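Asks: Got a structure here, written out as structure tokens. Questions coming.
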Amino acid sequence: MSAKTPMAEDSTKSKNMNDLVALCKRRGFIFQSADIYGGLQGVYDYGPLGVELKNNLKAAWWRSVVYERDDVEGLDAAILSNKLVLRYSGHEATFADPMVDCRKCKSRWRADHIKNGRCEKCGSDDLTEARPFNMMFKTTVGPIVDEESYAYLRPETAQGIFTNFRNVLDSTSRRLPFGIAQIGKAFRNEITPRNFIFRVREFEQMELEFFVEPGTDDDWHKKWVEARIDWWKQQGLASDNLVAYHQKADELSHYSKATVDILYRFPHGLEELEGIANRTDFDLGSHSKNQKELNLKAKVMENNDSTAKLTVRDTEANTESVPFVIEPSAGVDRGVLAIITEAYTEETLENGNKRIVLKIKPHLAPIKVAVIPLARNNEALVSKAESIKKTLQALGLGRILLENTGNIGKAYRRHDEVGTPICITVDFETMTESENKIAGEETVTVRYRDTMKQERIAVSKLADYVRKFFNV
Ligand code: ATP
């Protein structure tokens, strides 16, 4: 064992949100948005490493939900939403959280988040009755501002899928069961955004609407709950930290017949990471019905309102029905927070020093490999490192970083903290005739993040070696 061999994870230290926030800022994962102007509450920006991690998580979801199946199509619908869509989906009337005001300090709170009936800011129990607060962001569209010229920023990506149902069906000739997947921004004017990127006003969702024959919906619901829990485990979340919670009747959204939330043990508690709802035929049914009425009223498509029908035709049975839909809806930002929470580890080394290491799955790591020349001003080392970086970059694994800072100890520490699975050091032995040459070949040192073990690998074998390590 070297002096640096990790002895133990510091089990006395549970995952602490402040540690994660500090790491995210220090290493360039996540910043408060507009922080030079004091920030904007409930809005965050993703930095150089955050954007990589987020993209990797989204790519893993897309791979699993679209590419690895043959019954799902992708979509990227607009964020600006026609108000009628959100009127007929029920959001204008019901997408609200209960809000209370503190009469003493004038602050506002989400009623179901208030503890012991007291204001979180001043402790007063002089609170108003709860009243509904609609969370949709409204904006005006076009140069003329009047009562009708508004649209919404979508509060969920789902409605873009429902309104494109007919378009996708007609352009792909799909039959039930099939799904439409989408990843994109959603906006909610949360009364009290909190817990870092857990509850924010601008976030991203990864949503699948999986359309099924009515009557088969309960089975499909179960299947999707299992599939989604498995997927989160494959992203590195421990089984012990994941709980399937079946919502009670009075907790269900207006569109849902049954919802199972996948809860994760975040630093602030066990909370929702993803919801899997059986939305029945509520949305397609509602949009079909209202489209038909609107079209008739406007006297357009009087004799041909079939485009308004969000139905599927069974030509054999000569029937037409509105499909039921199962919706696994995951938050990208909550996913990123869960991955960072799970991966954050503090270890005490044999020499008593501490090290922070982000034990993130290789496919999610923001930097896949760091290539480090041992001396930053040595032309031969740097140019060999550049050539190795180029070769590895061409493998298409993601970001391969040439780390030319000249301080190997600091470079290892930084890459442990940001979760880089392997570092490759180009040292003087790479360049000289030495006993470390394997069968006369140039070699480099490969160092592993989790074990800190090092081994020498022939440069000519590196590409294959790295490909195998990342399982591609
Ligand atoms: P919550 O009960 O925590 O407010 P929700 O049940 O309203 O969440 P859904 O409408 O089911 O959430 O949205 C699907 C997913 O979108 C959630 O599981 C979550 O991961 C994500 N999400 C929802 N609201 C937010 C938010 N304000 N900030 C970050 N992610 C969110």
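The values are calculated or read from the model by the stated rules, or taken from the named source; none is laboratory data. All values derive from a computational prediction rather than experimental measurement. Ideal geometry is used to build each Cβ from the backbone, glycine not excepted, and the neighbour counts take in all protein chains shown. In case anyone asks, the SASA skips ligands and DNA or RNA and just uses the protein heavy atoms, side chains included. Shrake-Rupley method; radii C 1.70, N 1.55, O 1.52, S 1.80 Å.
Asks: Hey, Val322 hits all of (1) closer than 22 Å to Ala158 by Cβ; (2) aliphatic (A, V, I, L, M); (3) crowded, with 23+ Cβ neighbours inside 10 Å but one; which does it fall short on?
Replies: (3)
Asks: Taking segment 247-267, which residues are open to solvent by less than 20 Å² (accessible area, probe 1.4 Å) and among the aromatic types (Phe, Trp, Tyr)?
Replies: Of everything in segment 247-267, those that are open to solvent by less than 20 Å² (accessible area, probe 1.4 Å) and among the aromatic types (Phe, Trp, Tyr) turn out to be Tyr264, Phe266.
Asks: Can you confirm whether segment 301-311 contains a residue that is modelled with pLDDT of 95 or more and either away from the ligand (no atom under 16 Å from the Cβ) or surrounded by 14 or more Cβ atoms within 10 Å (Cβ to Cβ) (or both)?
Replies: Scanning segment 301-311 turns up no residue that is modelled with pLDDT of 95 or more and either away from the ligand (no atom under 16 Å from the Cβ) or surrounded by 14 or more Cβ atoms within 10 Å (Cβ to Cβ) (or both).
Asks: Could you check segment 78-104 and list, in sequence order, the residues that are open to solvent by less than 20 Å² (accessible area, probe 1.4 Å) and more than 16 Å from the ligand (Cβ to nearest atom)?
Replies: Of everything in segment 78-104, those that are open to solvent by less than 20 Å² (accessible area, probe 1.4 Å) and more than 16 Å from the ligand (Cβ to nearest atom) turn out to be Val100, Cys102.
Asks: Taking Leu153 as the residue in question, decide whether it is within 16 Å of the ligand (Cβ to nearest atom) and touching a helix residue (DSSP H, G or I) at 6+ places or on another chain (Cβ under 6 Å).
Replies: So Leu153 fails the test.
Asks: Could I ask something else about it? Filtering segment 268-291 down to residues that are open to solvent by 40 Å² or more (accessible area, probe 1.4 Å) and within 20 Å of the chain's Cα centre (by Cα), which residue is nearest to the ligand (Cβ to nearest atom)?
Replies: Looking at residues that are open to solvent by 40 Å² or more (accessible area, probe 1.4 Å) and within 20 Å of the chain's Cα centre (by Cα), I get Glu272.
Asks: From Glu73, Glu68, Glu52, grab the single residue that is at pLDDT 95 or above, open to solvent by 60 Å² or more (accessible area, probe 1.4 Å) and closer than 30 Å to Lys233 by Cα.
Replies: Being at pLDDT 95 or above, open to solvent by 60 Å² or more (accessible area, probe 1.4 Å) and closer than 30 Å to Lys233 by Cα holds for just one of Glu73, Glu68, Glu52, which is Glu68.
Asks: So, in segment 427-443, exactly how many residues are of a type in the set (A, V, I, L, M, F, W, C) and either in a loop (DSSP other than H, G, I, E, B) or modelled with pLDDT of 95 or more (or both)?
Replies: Result for segment 427-443: 1.
Asks: Could you pull out the residue among Arg118, Arg131, Arg175, Arg166 that is among the basic types (Lys, Arg) and either in contact with a helix residue (DSSP H, G or I) (Cβ under 8 Å, 6 or more places away or on another chain) or within 15 Å of the ligand (Cβ to nearest atom) (or both)?
Replies: Arg166 is the lone residue from the list that is among the basic types (Lys, Arg) and either in contact with a helix residue (DSSP H, G or I) (Cβ under 8 Å, 6 or more places away or on another chain) or within 15 Å of the ligand (Cβ to nearest atom) (or both).
Asks: Moving on to the next point. Can you work out which of the residues in segment 179-203 that are open to solvent by less than 10 Å² (accessible area, probe 1.4 Å) and part of a strand (DSSP E or B) is farthest from Glu68 (Cα to Cα)?
Replies: The extreme case among them is Ala186.
Asks: Does Val212 satisfy being within 15 Å of the ligand (Cβ to nearest atom) and surrounded by 20 or more Cβ atoms within 10 Å (Cβ to Cβ)?
Replies: The answer is no for Val212.
Asks: On to the next question. For segment 51-113, which strands (runs of 3 or more DSSP E) that fit wholly inside it have 1 or more residues that are under 29 Å from His287 (Cα atoms)?
Replies: Where strands (runs of 3 or more DSSP E) fall fully within segment 51-113 and carry at least 1 residues being under 29 Å from His287 (Cα atoms), they are 72-75, 96-101.
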